Amino acid sequence: AQTVTQSQPEMSVQEAETVTLSCTYDTSESDYYLFWYKQPPSRQMILVIRQEAYKQQNATENRFSVNFQKAAKSFSLKISDSQLGDAAMYFCASLGDGATNKLIFGTGTLLAVQP
Amino acid sequence: DGGITQSPKYLFRKEGQNVTLSCEQNLNHDAMYWYRQDPGQGLRLIYYSQIVNDFQKGDIAEGYSVSREKKESFPLTVTSAQKNPTAFYLCASGKSGTASYEQYFGPGTRLTVT
């Protein structure tokens with residue numbers, strides 16, 4: 001079975017600094033996708049970034065980038081120039097099993113941004 | 001505007017009553033999903049549907065039921081058999097097939113059963 005592990009329940013970063021959120025996963029699928037979702041206090045789930053496993057290049061979306069280490073099954077999220085609006089719960093998720101497109105979520109990391 | 005709507009935002013029920021949560025999407029997506037969110041446990045899949053008139057159990061389907069009579073709608077019923085129904089419920093939709101790797105979420109419904 002697929003699993004996703006986020007070992008950091010809470011993290012804190014100073015405004016304008018950089019922070020990295022960790023995620024490891026386990027899957028037997030050869031082709032899969034990985035995602036980071038943000039859930040602010042409104043509780044709306046927002047897709048931050050996605051990575052296709054077959055792509056070696058790390059995905060980047062503005063201030064958000066990932067460090068995808070396929071052999072180590074690691075998928076960390078780096079937030080650069082942190083802003084107060086980045087404060088949220090962040091969930092790592094994997095999607096394999098092309099028949100169902102079922103997302104498997106980690107337990108989340110609560111990120112606080114200090115002014 | 002295209003998107004997913006869930007209603008109501010907050011729902012209160014007495015124990016022993018069935019309750020139905022609404023989820024509607026106008027994104028023309030074939031696939032729809034229901035997740036449950038509890039503190040410290042992330043999101044867990046309750047039911048999903050890849051096409052109209054067909055749906056499958058997820059990881060925690062016991063005590064829940066769904067229907068998919070229209071492409072746009074995927075209501076979730078929380079029955080009295082669900083032992084711990086108080087939670088935050090999220091609906092999502094996505095394209096089906098090999099290109100359907102992205103899911104879009106609604107704003108959620110907070111259900112409180114007392």
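Data table
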item	result
Size of charge dipole - chain A - debye, nearest 20, with Cβ of Lys, Arg +1 and Asp, Glu -1, no other charges	120
Unpaired by the 4.7 Å Cβ criterion, cysteines found in the protein assembly as shown	none
Mean Cα-pair separation over length for chain B, i.e. relative contact order, pairs under 8 Å, 6 or more apart, %	34
Average partner coverage of A:101-110, which counts Cβ from other chains inside 10 Å	6
Set of lysines near B:K14 by C-alpha distance (under 23 Å), chain-local residues within fewer than 8 positions excluded	B:K83
Footprinting exposure proxy for A:L103, B:L111 (fewest neighbouring C-beta atoms within 10 Å first)	B:L111, A:L103
Tensor-based shape of segment A:65-115 (alpha-carbon gyration tensor, a/c under 1.5 rounded, otherwise prolate or oblate)	prolate
GNM result for chain A, Cα springs below 10 Å: residue of A:S65, A:S12, A:S30 fluctuating most strongly	A:S30
Whether chain B is rounded, prolate or oblate, judged on the alpha carbon gyration tensor where a/c under 1.5 counts as rounded	prolate
Test item: Cα-centred dipole of chain B, Lys/Arg +1 and Asp/Glu -1 on Cβ, debye	300
Aspartates and glutamates whose Cα lies under 17 Å from that of A:K73, excluding same-chain neighbours fewer than 8 positions away	A:D26, A:E29, A:D31, A:E52, A:D97
Percentage relative contact order, chain A, counting C-alpha pairs under 8 Å, at least six apart	37
Convex hull projection area averaged over all views, chain A, Cα basis, nm²	6.9
Under the Karplus curve 6.51 cos²θ - 1.76 cosθ + 1.60, θ = phi - 60°, whole-Hz ³J(HN,Hα) for segment B:9-14, x wherever Gly or Pro sits	6, 10, 9, 10, 9, 7
Burial ranking of peptide ranges B:13-23, B:37-47 (average Cβ count within 10 Å, highest at the top)	B:37-47, B:13-23
Long pairs among A:K38/A:K70; A:K78/B:K95; A:K70/B:K57, criterion Cα-Cα beyond 26 Å	A:K78/B:K95; A:K70/B:K57
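Read the figures in this text as sums done on the coordinates, not as results from a lab. This one's a predicted model, so the numbers in the text were calculated from it and none came from an experiment. We place every Cβ from the backbone using ideal geometry, glycine too, and count neighbours over all the protein chains shown.
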